[in-house]
Amino acid sequence: MNRSQLIHRQSWLIEHLPGLSDQDCQKLKDCGIDTTAQLLQKVRPQLGKEKLAVRMQIQAKHINKWVAMAELASIPAVGCQYCGLLVHAGIASIPQLAQTSIQQLHRQILRFQVANLQRRDLCPDIAVMLAWIEQSKILTRELK
């Protein structure tokens, strides 16, 4: 792999994940989770998600959604700006994004934007989505 294809996973402050209430952020911080990388570390293995949900007294589905967003936000081109959009468009992991064609991804995101916001113009540019897919492919290879 050449230097231009090295990608480093990003970590963000937990409060930058979209959709987390101030109360949820505080509960995560009370569990020692201040960043998205710490969240991903804390929930490995699968039992970690269940334990965290019990400790926070919330449903595991919320933890699952936050973990999916944290994982996708670790892709530099995605970050916290687009991770929620990808999750709502049906993408839940880096390997899933890596296997998604640009046509399918564009269609899913456009469908979400039109159905929920009635705005086609908010759909990210195809070049931006291509960067997501390419970086997810590199990260998927690095994970193996």
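Each of 129, 56 has some number of other Cβ atoms within 10 Å of its Cβ, and from fewest to most they run 56, 129. Pull out a ≥ b ≥ c, the square roots of the eigenvalues of the alpha-carbon gyration tensor of region 11-85, then state rounded if a/c is under 1.5, prolate if not and a/b is larger than b/c, and oblate in the remaining case. Prolate shape, in that a/c is at least 1.5 and a/b is the bigger ratio. For n ≥ 4 DSSP H runs only, could you compute -39500 (n - 2.57) per run for the chain, divide by its residues and tell me the 222 nm figure to the nearest 500? Roughly -19000 deg cm²/dmol at 222 nm, from the helical runs in the chain.
Bridging of residue 29 to lysines at a Cα separation below 28 Å is possible for 42, 49, 51, 61, 65, once same-chain residues fewer than 8 apart are set aside.
For region 50-60, backbone phi angles converted through the Karplus equation (6.51, -1.76, 1.60; θ = phi - 60°) give residue-by-residue couplings of 5, 4, 5, 4, 5, 4, 7, 6, 9, 6, 4 Hz, Gly and Pro being listed as x. Taking amide H as placed 1.01 Å from N in the peptide plane, residue 35 has its amide H under 5 Å from the amide H of 14, each at least 5 places away in sequence or on another chain. Would you indicate which of (i) 36, 32, 16; (ii) 40, 21, 11; (iii) 26, 19, 13 is the value of semi-axes √(5λ) of the Cα gyration tensor in Å derived from the coordinates of this structure? Answer by label: (iii).
Laboratory data are not the source of any read-out in this text; all were calculated from the coordinates shown. Keep in mind that what you see is a predicted model, and the values were worked out from it rather than measured. Glycine gets a Cβ as well: all are built from the backbone with ideal geometry, and neighbour counts include every protein chain shown.
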